[in-house]
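Here the structure comes first, spelled out in structure tokens, and everything after it is commentary.
The values are calculated or read from the model by the stated rules, or taken from the named source; none is laboratory data. Keep in mind that this is a model prediction, so the values were computed, not measured. Every residue, glycine as well, gets a Cβ built from its backbone with ideal geometry; the counts of neighbours run over all protein chains shown. The protein model used for the area step is the full one, side chains on, heavy atoms only, and it has no ligands, DNA or RNA in it. Shrake-Rupley method; radii C 1.70, N 1.55, O 1.52, S 1.80 Å.
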Amino acid sequence: MKRIRLPCWLPLLAAAFISAGCCNRMPKGPDKPALDPSASGQKAIADYDTNGDGQIAGEELAACPALEMALPRVDKNADSAISAAEVADRINYYLNAKTTIISGSVEVTMDGEPLTGATVTFEPETFLGDAFKACTGVTDERGVAFVTGHDAKFPGIYLGFSRVRISKEDGGSETIPARYNTESELGYEATDDIPDVSNVIQFKLTR
């Protein structure tokens with residue numbers, strides 16, 4: 001049988017064709033939101049610095065639970081307070097991170113039991129501007145919700161600071177304490193640099 005010698009460039013062309021086809025089938029990741037780090041830093045101070053000393057600390061920090069959660073990563077000078085520049089630096093981190101969104105898997109319990117049929121909303125802090133919208137999900141019989149909303153093609157939560165609201169109505173009346181919804185004390189920093197963080201965001205509520 002006579003062998004046919006293929007041109008040396010043909011396998012390379014085939015590989016390039018296959019690679020291009022695979023890339024075209026892969027969904028493009030979401031674009032980075034149009035955040036303004038400097039403006040956000042100044043707005044955070046305007047929103048939460050009630051004593052006018054130019055920083056967010058103590059009870060002011062407690063009023064923004066997402067910033068309080070993020071304190072170890074935002075407070076670069078370790079003075080237990082957050083400045084406008086530190087907020088801006090953190091937002092610059094989001095804009096330069098390889099990740100744009102994190103998993104939107106959430107688990108909610110009430111007094112140790114799965115909370116079913118509850119709406120979980122991650123509402124971006126107002127100092128982030130209107131770069132991205134709130135993301136929501138509804139818990140199933142396991143108390144688990146898969147959060148999406150800003151872009152249905154990319155489920156998850158955009159990197160940033162959010163106020164979290166958990167609500168469940170029965171006959172038009174709210175069944176969850178106000179401290180978890182209308183007067184929410186819950187917050188979350190969606191980020192990709194928390195060591196050993198679980199893939200499931202957990203909220204353990206009590207009556």
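Exactly one residue out of Lys76, Lys153, Lys133 is touching a residue at least 40 places away in the same chain (Cβ under 8 Å) and charged (D, E, K, R), and it is Lys153. Apart from one condition, Leu71 fits all of (1) without any contact (Cβ under 8 Å) to a residue 24 or more places away in the chain; (2) within 30 Å of Gly172 (Cβ to Cβ); the exception is (2).
Determine whether Leu128 is closer than 15 Å to Gln202 by Cα, of a type in the set (A, V, I, L, M) and at pLDDT 95 or above.
no
Quick one: in segment 172-189, of everything that is assigned to a loop (DSSP other than H, G, I, E, B) and at pLDDT 95 or above, which residue is surrounded by the most Cβ atoms within 10 Å (Cβ to Cβ)?
Step by step, filter segment 172-189, then rank; the result is Ile176.
Selection of segment 124-143 for residues being closer than 19 Å to Glu107 by Cβ, open to solvent by 20 Å² or more (accessible area, probe 1.4 Å) and part of a strand (DSSP E or B) yields Thr136, Val138.
Just to confirm my filter: which strands (runs of 3 or more DSSP E) fall fully inside segment 27-117 and include at least 1 residues that are open to solvent by 20 Å² or more (accessible area, probe 1.4 Å) and among the hydrophobic types (A, V, I, L, M, F, W, C)? Filter on segment 27-117 gives 55-57. Considering (1) surrounded by 15 or more Cβ atoms within 10 Å (Cβ to Cβ); (2) out of contact with any strand residue (DSSP E or B) (no Cβ under 6 Å at 6 or more places or on another chain); (3) of a type in the set (A, V, I, L, M), the lone condition that Val147 does not fulfil carries the number (2).
So, in segment 117-146, exactly how many residues are among the small types (Gly, Ala, Ser) and on the phi < 0 side of the Ramachandran plot?
First, the residues of segment 117-146 that are among the small types (Gly, Ala, Ser): 117-118, 129, 131, 134, 137, 143, 145.
When the remaining residues are screened for being on the phi < 0 side of the Ramachandran plot, the result is 118, 131, 134, 137, 145.
Residues flagged as among the small types (Gly, Ala, Ser) and on the phi < 0 side of the Ramachandran plot within segment 117-146 amount to 5.
Can you tell me which residue is nearest to the chain's Cα centre (by Cα) among those in segment 190-207 that are surrounded by fewer than 17 Cβ atoms within 10 Å (Cβ to Cβ), assigned to a loop (DSSP other than H, G, I, E, B) and not aliphatic (A, V, I, L, M)? Among them, the one singled out is Asp192. Checking each residue in segment 151-171 for being in contact with a Cys (Cβ under 9 Å, 6 or more places away or on another chain), open to solvent by less than 70 Å² (accessible area, probe 1.4 Å) and of a type outside the set (S, T, N, Q) picks out Gly156, Ile157, Tyr158, Phe161, Arg163. Among the residues of segment 138-153, not a single one is in contact with a Leu (Cβ under 9 Å, 6 or more places away or on another chain), modelled with pLDDT of 95 or more and within 19 Å of Met69 (Cα to Cα).
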